[in-house]
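Novice: Okay, handing you the structure first.
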Amino acid sequence: MSGRTVLVTGGTGGIGKATARGLAALGARVAITARDGGRAVAAAAEIRAPGGPPVEVFVGDMSAQSEVRRLGAELLAALPRIDVLVNNVGGFWNSRHVTSDGLELTFALNHLTPFLLTHLLAGRLIEGAPARVVTVSSDAQRLGRIDFDDLQGERSWSGQRAYNQSKLANILFTYELARRLDGTGVTANVLHPGIVRTGFGAEDPGRIQRVIMPFAPLVMKTPERGALTSIHVASSPEVEGVTGRFFANCRPRRSSRRSYDRDDARRLWTVSAGLVGVDPDTALTGPRRSTS
Ligand SMILES: NC(=O)c1ccc[n+]([C@@H]2O[C@H](COP(=O)([O-])OP(=O)(O)OC[C@H]3O[C@@H](n4cnc5c(N)ncnc54)[C@H](OP(=O)(O)O)[C@@H]3O)[C@@H](O)[C@H]2O)c1
C-alpha cells in the first residue's frame, strides 16, 4: 500500500482502528475520522506504523450532515489523493434516537453518512483511480428489510430491526454504487467483519449485547481478526478490479436475496439522495477511464 492514501471512518476504536493499523503496517498513508479529538489523537499514535508517516485525524460528529459536509471539505483540502475509502463508522442503539437533522440515528449514521461521504469524495477517488470504496456491513443484513413506508421507525420501533435494515442498506447502496461507478476505475465492495469484541452497542445496548457481553472473550473475534476482511478488500491485489461483491472471512459470498433487488437499490438511492440533498443522477460523474 506504499504511496496509497486510505481514509477509515470511525478509526478511534474497534474494527476501524484495527483496520487503520493494519493498512498503515502495509505502508499506506492513513487518515481517520473520529468524533472526539482526544480519542482521535490517542488512536492515531497507536495506528502509526514504526517509521511511517503520522496518521491524519479529522474530527466531527458524523451523525450530523453539516459535519459530514465540513469533514468532506477538510478531507478534500488535506488529501490530494484518496485511493481507498473505508466506510466503517456505524453502531447499534436499542432505543430510538434522533439526530440534529431530525433523522433516526441508526439509519442516519450507518447508511446516510457513508452515502453522503462517498458522494462528497467520489470525484477525488475517480481522479486517482484505480481506487476502492469499502463499506462495513454485517450479516445482520440477512434479517434486514427496507421498510420504505417507515424508514426511520417513526410508526414502529425496534433497535435490532433498525440495525438490520441499515446493514441491508449498506449492501443495496454498494451494489448500486458499483453499477454507477462502472467504467470509472473505482470499485465498491461491502463486507461482514464477523462477530467482533469492540465498543459496538455499548452506548445503548440491547438484550442480545447484554447477554453476549460476559462471554465476549470466548465467542468473539479480536478487533485485529475482525479487521482482516476490511484490510483484504481494501488492499489485496486479488480484489483489484472486483466490484459489487459482498465479502466475509476474506472471501466473496452471496448476500441476502433482498440485497440483489435492483428496484429497491434504485429506490433507496433516490430516497437517500433526497434526505442528504444530493442529485440522485449526476452526483457521481467524473472523468471516464477505460477498464480494458
Ligand atoms: N462488532 C461487531 O461484532 C460487528 C459485526 C458486524 C458489523 N459491525 C460493523 O462494524 C463497524 C464498526 O463497528 P465496531 O464494532 O468497531 O464498533 P465501535 O467499537 O463502537 O466503533 C465505532 C467507531 O465509530 C465511531 N463513531 C460512533 N458514532 C459516531 C459518530 N456519531 N460520529 C463519528 N464517529 C462515530 C466511534 O467513535 P468513538 O470512539 O467516539 O466511540 C468508533 O470509532 C460498524 O459499521 C458496525 O456496524 C460490527
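Novice: Exactly one of these conditions fails for residue 12: (1) buried (at least 24 other Cβ atoms within 10 Å of the Cβ); (2) free of Cβ contacts under 8 Å to residues at least 40 places away in the same chain; (3) within 22 Å of residue 80 (Cβ to Cβ); (4) within 7 Å of the ligand (Cβ to nearest atom). Give me its number.
Specialist: With (1) buried (at least 24 other Cβ atoms within 10 Å of the Cβ); (2) free of Cβ contacts under 8 Å to residues at least 40 places away in the same chain; (3) within 22 Å of residue 80 (Cβ to Cβ); (4) within 7 Å of the ligand (Cβ to nearest atom) applied to residue 12, the lone miss is (3).
Novice: Could I ask something else about it? Any chance segment 22-35 includes a residue that's at pLDDT 95 or above, under 19 Å from residue 191 (Cα atoms) and of a type outside the set (A, V, I, L, M)?
Specialist: yes
Novice: Considering (1) more than 15 Å from the ligand (Cβ to nearest atom); (2) touching a residue at least 60 places away in the same chain (Cβ under 8 Å), say which one residue 86 fails and leave the rest.
Specialist: It fails just one condition, (1).
Novice: Return yes or no: is residue 209 modelled with pLDDT of 95 or more, on the phi < 0 side of the Ramachandran plot and either part of a helix (DSSP H, G or I) or in contact with a strand residue (DSSP E or B) (Cβ under 8 Å, 6 or more places away or on another chain) (or both)?
Specialist: Criteria not met by residue 209.
Novice: Could I ask something else about it? Need a quick list: helices (runs of 4 or more DSSP H) entirely within segment 1-84 having at least 2 residues that are touching an Asp or Glu at 6+ places or on another chain (Cβ under 8 Å).
Specialist: 14-25, 65-78
Novice: Only one of these conditions is not met by residue 6: (1) in contact with a Lys or Arg (Cβ under 9 Å, 6 or more places away or on another chain); (2) within 8 Å of the ligand (Cβ to nearest atom); (3) closer than 17 Å to residue 232 by Cα. Which number is it?
Specialist: Condition not satisfied by residue 6: (2).
Novice: Whether any residue in segment 170-181 is of a type in the set (Gly, Ala, Ser), in contact with a Gly (Cβ under 8 Å, 6 or more places away or on another chain) and more than 13 Å from the ligand (Cβ to nearest atom) is what I want to check.
Specialist: Checking segment 170-181: at least one residue is of a type in the set (Gly, Ala, Ser), in contact with a Gly (Cβ under 8 Å, 6 or more places away or on another chain) and more than 13 Å from the ligand (Cβ to nearest atom).
Novice: Residue 72 versus (1) over 15 Å from the mean Cα position of the chain (by Cα); (2) more than 22 Å from residue 226 (Cβ to Cβ); (3) small (Gly, Ala, Ser); (4) more than 8 Å from the ligand (Cβ to nearest atom): which is the lone unmet condition?
Specialist: Failing condition for residue 72: (1).
The values are calculated or read from the model by the stated rules, or taken from the named source; none is laboratory data. Everything numeric in this text was worked out from a predicted model, so none of it was measured. Glycine gets a Cβ as well: all are built from the backbone with ideal geometry, and neighbour counts include every protein chain shown.
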